[in-house]
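The values are calculated or read from the model by the stated rules, or taken from the named source; none is laboratory data. The structure displayed is predicted, hence computed values, not measured ones. With ideal geometry, Cβ positions are generated from the backbone for all residues, glycine too; neighbour counts draw on all protein chains shown.
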Amino acid sequence: MLAAKNLPLTSPLSTLSKISDDFSLSFKNFIPVTKGSRNNKITCLSSSSQSIIAPEMDTQSTPAQTRVKILSEALPFIQKFRGKTIVVKYGGAAMKSEALQASVIADIVLLSCVGLRIVFVHGGGPEINQWLGKLSIKPNFLNGLRVTDASTMEIVSMVLVGKVNKHLVALINKAGATAVGLSGIDGRLLTARPSPNAVQLGFVGDIASVDPSIILPLVDNNHIPVIASVAADATGQPYNINADTAAGELAAALGAEKLILLTDVAGILEDRDDPGSLVKEVDIKGVKKMMEDRKIAGGMIPKVNCCVRSLAQGVRTASIIDGRLEHSLLLEILTDKGAGTMITGKNNRPTKVSTFTDWVSLSRVYPCRVYLDMVPLGQLQPGWACAAKEASHRPLDRDGPIAT
C-alpha cells in the first residue's frame, strides 16, 4: 500500500507514474468489465486476479503495460476536468484509517498534478471526540449535529484548525503538491450565523455568506486550499460548521465543476436494506422523489440536501462516494463508472441571458456559473461582463431558500 511518506517529491509525471502503480494494485478486485454509461453494472473479478485490467486488456500484459494502459484510459477524463474546480469534502472512515488517508492524499496530489483545481474541505469528528475524552467531556449529538457549548467550541477550533488542518497540509506538501491551510474564518471566507436550533445546539452555525476571494489566487497558482469547517459571525464569535455544508456552499461560490463528499457508505441505495442496489446516477428530480418515498433517510438526508443546494446554485455535478474504498476519488473522476452516486443538475441551469434583467435574476442563484458560462460564450452584452465578474467574487448571500 502506498504510504504518504513514500510519495515522490519530484516531477508531476513521476508522481502520476508512481500512483498509477498503486492504483493498479489497489483495484485488482474492482474491475469494470462492461462499457457504456455510469449506470452499467460493475462486475468484480475474484481475488485470484493478479492485476487490474481493462475490459479488452490482454490478461498477459506486463505490469508496465498495465500501468500505461490505465494512464491512457484516464486521458479523456483528465482533458475533461483539467482547469476545472473540484471541491472535495474529506471525512468519515477515510480520516480514521492511515491507509485510506494515504490513498486520499495520493489522489489529491495526482489530480492537482494533472491540472485539476482542487479545494479540500475537512471536518474532524473522531479527533474532536478523542480530545474531548482526554478532557473528560462527553460528546453529545442532536439529529447528527454535535451539541457545541463554549468549552466544546474551543476544543473544536483547536483540533480542526490547529491540528487536523496542519496535519493534512503537511501530508499534501510532503507528497509533492503545495497546500495552504485555512479555516472559514480566514479572509471572511465563510461568515456564519446561529443555527435555528441554537438553543439546543449551541455554537453550531449555518453559513450566511461566502467570499472565495482569498482562495482564488491559490487555485489559480495550482495550490491546494485545505479548509477547516470553522467560521465566525459578524461579531467574531466562532461556530462549528457541518463540513458537508461548508463544502457545498464553497462549491457554489466557486462555480465548481464537481462537488464530492467522501462518506462511510457506498452511496445512495434504491433499497436501504440491499447493499447491491446502489444508484449510480440520478438527477435532482429523481433524488427528490426518493426522499419523498423515504428511500433516503437518516444521515443521508443532509448530504443529499447539501448536494441539491449546490447544484441549484450552478455546480455541475455532486457525488456521494464510498470513502472506505481506496482511491475512490480517482475512480470517481478518472473513470466512467465512478465510486458512488452522482447527482446531476440536468435542466437546472440557465442557457441564455437575453436581457440585463434576466442576468440580474439568474445571477442571484447562479452568480459564478453565469459568469463562467455566459462570458466565454458571448452571451453577455458589452458592459455586462464586468458586472457579472464582480458578482461572482462578492460574498454570496445565502439567507433565502434556493428554489429547485
(message) Taking the criterion of being part of a helix (DSSP H, G or I) and not hydroxyl-bearing (S, T, Y), would at least one residue in region 334-342 satisfy it?
(response) yes
(message) Looking at region 196-208, I want the residues that are more than 16 Å from A247 (Cα to Cα) and assigned by TED's automatic domain parsing to the domain that holds A234 and have a partner that is assigned to a helix (DSSP H, G or I) and of a type outside the set (K, R) with Cβ atoms under 6 Å, at least 6 apart or on another chain. Which pairs are those?
(response) F203/M153
(message) Need the failing condition index for P225 against (1) surrounded by 23 or more Cβ atoms within 10 Å (Cβ to Cβ); (2) in a helix (DSSP H, G or I); (3) not hydrophobic (A, V, I, L, M, F, W, C), just the number.
(response) (2)
(request) Being of a type outside the set (V, I, T) and within 12 Å of L262 (Cα to Cα) is the filter; apply it to region 103-125 and report the residue that is surrounded by the most Cβ atoms within 10 Å (Cβ to Cβ). (result) G123
(request) Determine which single condition G83 fails, assuming it passes every other condition in (1) of a type in the set (G, A, S); (2) part of a helix (DSSP H, G or I); (3) at positive phi. (result) (2)
(message) For region 112-123, give me each residue that is at negative phi and not in a helix (DSSP H, G or I).
(response) V114, L116, R117, I118, V119, F120, V121, H122, G123
(request) Go through region 262-317 and give me each residue that's under 17 Å from Y90 (Cα atoms) and more than 16 Å from the chain's Cα centre (by Cα). (result) G299
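Quick check on this structure: which one of A297, A252 is surrounded by 19 or more Cβ atoms within 10 Å (Cβ to Cβ) and of a type in the set (A, V, I, L, M, F, W, C)?
Going through A297, A252 in turn, the sole match is A252.
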(request) Within region 129-175, track down each residue that is out of contact with any Leu (no Cβ under 9 Å at 6 or more places or on another chain), of a type in the set (D, E, K, R) and touching a residue at least 40 places away in the same chain (Cβ under 8 Å). (result) D149
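Yes or no, residue by residue, for (1) under 17 Å from the mean Cα position of the chain (by Cα); (2) modelled with pLDDT under 95:
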| residue | (1), (2) |
| --- | --- |
| A150 | no, yes |
| N165 | yes, no |
| T178 | no, no |
| S195 | no, yes |
| G202 | no, yes |
| A208 | no, yes |
| S213 | no, yes |
| D220 | no, yes |
| V226 | yes, no |
(request) Would you be able to say whether some residue in region 91-102 is within 19 Å of the chain's Cα centre (by Cα), within 26 Å of G314 (Cα to Cα) and crowded, with 16+ Cβ neighbours inside 10 Å? (result) yes
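Any idea which of G187, G202, G181 is on the phi > 0 side of the Ramachandran plot and crowded, with 20+ Cβ neighbours inside 10 Å?
G202
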(request) Specify which of the listed residues (V104, V109, V180) is touching a residue at least 40 places away in the same chain (Cβ under 8 Å), of a type in the set (V, I, T), farther than 23 Å from K303 by Cβ and assigned to a helix (DSSP H, G or I). (result) V109
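Every residue, every condition in (1) closer than 19 Å to S319 by Cβ; (2) at pLDDT below 90; (3) outside the structural domain of A253 (by TED's automatic domain parsing), yes or no:
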residue	(1), (2), (3)
Q60	no, yes, yes
A64	no, yes, yes
R67	no, yes, yes
V88	yes, no, no
G115	no, no, no
F120	yes, no, no
